Amino acid sequence: LGKLGYSADVAADGIEVLDAVDRRQYDLILMDCQMPEMDGEQATIEIRKRLPANIQPRIVAMTANVMKDDRERYLAAGMDDFIGKPVTPQDLMRALRETAPLAHRSAEAVVNAGSEQLELAPAEAGA
């Protein structure tokens, strides 16, 4: 992700994802669907309940469950898209490219891979 100009922070589960979303706004969350404490589906449902429509992040499911029924379930939970695991660089780039930053903030994202939550923000010039 550093090569793409993003920095990353880590959160271990869905509860930490919610804590992060309560602290700041994000343009994109790459949400692992199978996490301890609170899974990605429940975290997504909570995010959709908590945040006003004008600051809702784009949420992309990341999961090894790639059956049509799984995809439909994740979309019904409020996720906007779906990436199967293992995640390829092309899948990650597509998710980043398809996410337009909200006008009132800089491009930021949360990436959740496996049991690790990664927060993405553009690297500063010259860093």
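The values are calculated or read from the model by the stated rules, or taken from the named source; none is laboratory data. All of these numbers come straight from a predicted model, not from anything done at the bench. All Cβ positions, glycine included, derive from the backbone under ideal geometry; neighbour counts span all protein chains shown.
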* Quick one: which of Leu75, Leu120 is at pLDDT below 85 and outside any loop (DSSP other than H, G, I, E, B)? -> Leu120
* So which of Ala113, Ala100 ends up being modelled with pLDDT under 90, surrounded by fewer than 15 Cβ atoms within 10 Å (Cβ to Cβ) and not β-branched (Val, Ile, Thr)? -> Ala100
* Pairs, please: C-beta under 6 Å, at least 6 apart or cross-chain, first residue at pLDDT below 95 and surrounded by fewer than 16 Cβ atoms within 10 Å (Cβ to Cβ) and in the range 33-52, second of a type in the set (Val, Ile, Thr) and assigned to a helix (DSSP H, G or I)? -> Glu37/Ile15
